[in-house]
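Inspection log for the structure reproduced underneath, given as structure tokens.
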Amino acid sequence: SNSSILDDPDLKDIDPTVLKHCHAAAATCILEAGKQNADISAISTCLEDCKLDRERIEQFCTEYQRRELVTVVSFSIGRSPLHITDVSWRLEYQIKNNQLHKTYQPSYLVTLNVENSDSGSHPDVSFSCTMEQLQDLVGKLKDAAKSLERATQM
Amino acid sequence: MLLVLSAEHRAHLGCLPRAGGAAVGELGRLALEQLRRGAAPRACETAARKLNIGVDTIQHGVEGLVYLLTESSKLMISEVDFQDSIHVLGFSDELNKSLLQLYLDNRKEIRSILGELAPRLPSYHSLEWRLDVQLASRSLRQQIKPAVTMKLHLNQNEDQTAQVLQTDPATLLHLIQQLEQALGEMKMNHCRRIVRNMK
């Protein structure tokens with residue numbers, strides 16, 4: 001982050017504005033290279049076009065190769081629908097309510113824990129269902145899983 | 001279990017023997033319509049004219065019957081208990097038999113109407129799913145990221161809502177495993193014992 005490079009004792013003699021520009025340029029270069037999955041020769045060519053000398057290009061590329069983190073971070077940036085992370089369930093047996101006694105019915109309460117790609121948290125999606133409805137839901141999820149398995153074997 | 005009838009309730013039902021045999025059938029029909037669709041003062045007036053009885057008597061009779069039927073259906077009282085409950089009203093055998101028949105014929109329907117009044121959470125309706133593979137995004141090219149996109153349809157108080165959700169293959173398998181465990185619980189001895197003993 002900005003505060004750490006400006007506080008670095010080795011860099012204190014350099015004009016802070018220049019330092020920030022260099023930092024931003026290097027970061028952009030790394031992100032673009034990661035985004036495009038560029039190999040070392042592509043990066044070198046690009047830096048040559050920017051009139052960097054041989055020594056600096058080699059240093060940059062060596063450092064770049066040691067960092068695998070870029071791809072992982074870029075992987076998770078971006079919009080997507082609410083993402084399910086976990087599920088919890090509750091089985092209850094209804095006996096009566098104030099309108100109707102002797103109802104005697106099992107029912108499930110299912111809660112899907114979801115995450116928003118932007119803010120990270122989101123109210124969970126909860127719903128009740130009968131045993132038959134839960135069987136329907138599980139059946140459909142299993143169809144999706146089977147379809148995934150077949151797709152990975154293609 | 002016996003039904004406890006209050007004095008006011010008994011007074012309302014007390015007008016039934018005065019109304020006569022044919023009238024009881026008509027009042028029964030009005031009571032059921034009121035349960036299905038709500039109060040209908042016009043229908044009561046028509047019935048009053050047809051049977052040559054005061055409108056107030058008709059209304060009280062209908063209200064009395066509605067209460068009798070809903071309470072009996074709510075508690076699901078047995079035939080014997082129903083007969084014993086209305087015995088205190090001192091009606092003729094014929095009237096008692098008509099009331100019992102009215103109760104038995106309609107209690108299933110009345111219970112399902114009462115069932116809709118209970119508090120409810122959004123309930124499951126259906127699920128649609130789709131297999132996606134993300135190939136690229138603004139921040140990263142050349143990806144292969146499989147995902148399952150789903151549309152969960154829920155019912156909430158007569159509205160249907162649809163929610164779009166997504167999950168990755170590992171979580172999908174985890175969801176299936178957890179929910180299958182949930183389904184298996186009903187078959188366990190513990191649940192079976194409770195269900196058997198609750199009836």
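The values are calculated or read from the model by the stated rules, or taken from the named source; none is laboratory data. These numbers were taken from a predicted model, which means no experiment stands behind them. Here the Cβ is made from the backbone with ideal geometry for all residues, glycine too, and neighbour counts use every protein chain on show. Remember, those area values only see protein heavy atoms, side chains included, never the ligands or the DNA or RNA. Shrake-Rupley method; radii C 1.70, N 1.55, O 1.52, S 1.80 Å.
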Mean Kyte hydropathy of -1.0 or more with a Cα span along the axis of at least 24 Å, helices from DSSP in chain B: B:21-37, B:55-75, B:93-115, B:169-185
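Please state the relative contact order of the range B:50-199 as a whole percent: Cα pairs under 8 Å, 6+ residues apart?
Values: 119 pairs, mean separation 20.4, N = 150.
Computed value for the range B:50-199: 14 percent relative contact order.
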Partner chain Cβ atoms within 10 Å, averaged over the residues of B:166-177 - can you pull that number for me? 6
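Show me A:9-20, A:143-154 ranked by packing, highest mean number of other Cβ atoms within 10 Å first. Walk me through the numbers before you get to the answer.
Working: A:9-20: 10.3, A:143-154: 12.1.
Most protected by this proxy first, the peptides run A:143-154, A:9-20.
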Note: A:145-154 gets an average of partner chain Cβ contacts (10 Å, Cβ to Cβ) equal to 3
Pop out a list of residues from the range B:59-89 that are at least 10 Å² less accessible with all the protein chains around than in their chain alone; 1.4 Å probe, no ligands or nucleic acids counted. B:Lys74, B:Leu75, B:Met76
Compute the relative contact order of the range B:7-117 as a whole-number percentage, counting only Cα pairs closer than 8 Å that sit 6 or more residues apart in sequence. 33
Spin-label pair A:Asn97/A:Ala151, simplified geometry with 7 Å Cα→Cβ offset, distance in nm: 3.9
What part of the accessible area of chain A, given as a whole %, is carbon or sulfur when the probe is 1.4 angstrom? 53
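Nearest 20 debye, what's the magnitude of the dipole of the protein assembly as shown about its Cα centre given +1 on Lys and Arg Cβ and -1 on Asp and Glu Cβ?
1440
Near B:Gly20, within a Cβ-to-Cβ distance under 13 Å, what is the net charge of the other residues, with Lys and Arg +1 and Asp and Glu -1?
Values: positive: B:Arg18, B:Lys50; negative: B:Glu26, B:Glu94.
Spelling it out: positives minus negatives among the neighbours equals 0.
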Taking only C-alpha pairs under 8 Å that are 6+ residues apart, what is the relative contact order of chain A in percent? 13
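Rank by packing, highest mean first: peptides B:41-47, A:89-95, with packing defined as the count of other Cβ atoms within 10 Å averaged across residues. Can you show the working numbers first?
Working: B:41-47: 15.1, A:89-95: 13.6.
Peptide ranking by packing, descending: B:41-47, A:89-95.
If you place +1 on the Cβ of every Lys and Arg, -1 on the Cβ of every Asp and Glu, and leave all else neutral, what size is the dipole of chain B about its Cα centre, to the nearest 20 Debye? Mind showing how you got there, number by number?
Working: 24 positive and 22 negative charges, 149 e Å.
Computed about the Cα centre, the dipole is about 720 debye.
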Distance between modelled label sites at B:Gln160 and A:Ala25, nm, 7 Å Cα→Cβ extension: 5.9
With just the Cα atoms defining each centre, how far is the range B:113-180 from the range A:131-154? Give it in Å. 12
Among the listed pairs A:Lys102/B:Lys151; A:Lys35/B:Lys151; B:Lys74/B:Lys97; A:Lys146/B:Lys199; B:Lys108/B:Lys199, give every one whose C-alpha distance is greater than 29 Å. A:Lys102/B:Lys151; A:Lys35/B:Lys151; A:Lys146/B:Lys199
Extreme residue, positive dipole direction of the range A:83-152, given options A:Asn98, A:His122, A:Val87 (C-beta unit charges): A:Asn98
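Within 10 Å of each Cβ of B:148-157, how many other protein chain Cβ atoms are there on average? Show your work: numbers first, answer last.
Values: counts 6, 3, 6, 1, 5, 1, 5, 2, 1, 0.
Averaged over the peptide's residues, the number is 3.
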Under a plain spin-label model, where a point goes 7 Å from the Cα along Cα-to-Cβ, how far apart in nm are A:Cys46 and A:Asp124? 4.3
